[in-house]
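Undergrad: This is the structure I want to talk about, given as structure tokens.
Derivation of every value follows stated rules applied to the coordinates shown; laboratory data play no part. This structure is a prediction, so every number in the text was calculated from the model and none was measured. All Cβ positions, even for glycine, are placed from backbone atoms using ideal geometry, and neighbour counts span all protein chains on display.
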Amino acid sequence: MARGFADNPQNINRAGRPKKGLAMTDLIVKALNKKRGDTAAKVQVVDKLVELAIGGDPVCIKYLIDRTDGRPAQTLTADLSGAVSFDTAAAAAELERMVLHDKP
């Protein structure tokens, strides 16, 4: 059974979310928007990602496919108690077959 803040006060984040501009996402976006020569750093990061994918880096290939075509469908099963399981092995095998073996 889930317990709320009243039952579990140590889970309360008293400091709250970091102020705008101090969160990691904000800092990363700020760094990527800085100019590096005639292009923003984020353009250079994307160019490098594509270069590595074309060179055969499987992590970069998977990332680009996930961002352009979407992630492969995951198999979900549920029983009457509400338990859910994910068949990540089947999804990984399908991705490997699609990317590395180039077969539909």
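Undergrad: Using Cβ counts within 10 Å as a stand-in for footprinting exposure, how do I61, I54 rank, fewest first?
TA: I54, I61
Undergrad: Oh, and also: Could you go through segment 89-100 in sequence order and give the Karplus-derived ³J(HN,Hα) for each residue, using 6.51 cos²θ - 1.76 cosθ + 1.60 with θ = phi - 60°, rounded to whole Hz, and x for Gly and Pro?
TA: 3J(HN,Hα) across segment 89-100, in whole Hz: 5, 5, 5, 5, 5, 5, 4, 4, 4, 5, 7, 7.
Undergrad: Another question, if that's okay. Given the Cα-Cα distance of A93 and K42 and 0.36 nm per residue of separation, how much length would full extension add, in nm?
TA: Answer, rounded to one decimal: 15.2 nm.
Undergrad: I've got another one for you. With a point put 7 Å past each Cα toward its Cβ, work out how far Y63 is from L27 in nm, to one decimal.
TA: 1.9 nm
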